[in-house]
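Chemist: Right, I'll just put the structure down here and ask away after.
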Amino acid sequence: MSRVPAPHRRRSALIAALTVLFALVTPAAITQADPHPQLTVMTRNLYLGSSLAPATDIDPSDPNAAAQFVGAVATIYGTSVFTDFPTRSAAIADEVAADEPDLIGLQEVSNWTVIKAGNQAATAPSFDFLSILLTAL
């Protein structure tokens, strides 16, 4: 009596299990399914709130690059605050409520985290876009 190696037994068992599974799915069950299922999809770019160009356009060989970078980050953050994601998230939540999508794809789901620098306290607000949007929803 020859023994079938273990990987072949597992493969045979898997094939047998799949055959039984497919046999259980009767043609009647297939014909009862909705022939044209509807899936509503919404996609939104939350927009991180600013262009990153002020920081990415800095010439790193410039002796003042570090100071320029700090200024650029402040500009980027300030623009992000100005674009007011909490208010924009309420408009997105209204769209979701009106359209009732089954699936929502999101881009640029940002998390602006403000940390203290040196001995200074972090006084500016942080923004977790996903948390803000979920609260609005």
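The values are calculated or read from the model by the stated rules, or taken from the named source; none is laboratory data. Small disclaimer: the values here were computed from a predicted structure and weren't measured. To get the accessible areas, we keep the full protein, side chains included, count just its heavy atoms, and leave off ligands, DNA and RNA. Shrake-Rupley method; radii C 1.70, N 1.55, O 1.52, S 1.80 Å.
Okay, residues lined up against (1) modelled with pLDDT of 95 or more; (2) part of a helix (DSSP H, G or I):
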site	(1), (2)
37	no, no
43	no, no
50	no, no
60	no, no
74	no, yes
79	no, yes
90	yes, yes
104	no, no
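Chemist: Separate question: Among the residues of the range 62-72, write down those that are open to solvent by 80 Å² or more (accessible area, probe 1.4 Å) and not in a helix (DSSP H, G or I).
Modeler: 63, 64 - these are the residues of the range 62-72 that are open to solvent by 80 Å² or more (accessible area, probe 1.4 Å) and not in a helix (DSSP H, G or I).
Chemist: With respect to residue 78, is the statement that it is of a type outside the set (A, V, I, L, M, F, W, C), open to solvent by less than 80 Å² (accessible area, probe 1.4 Å) and more than 18 Å from the chain's Cα centre (by Cα) true?
Modeler: So residue 78 passes the test.
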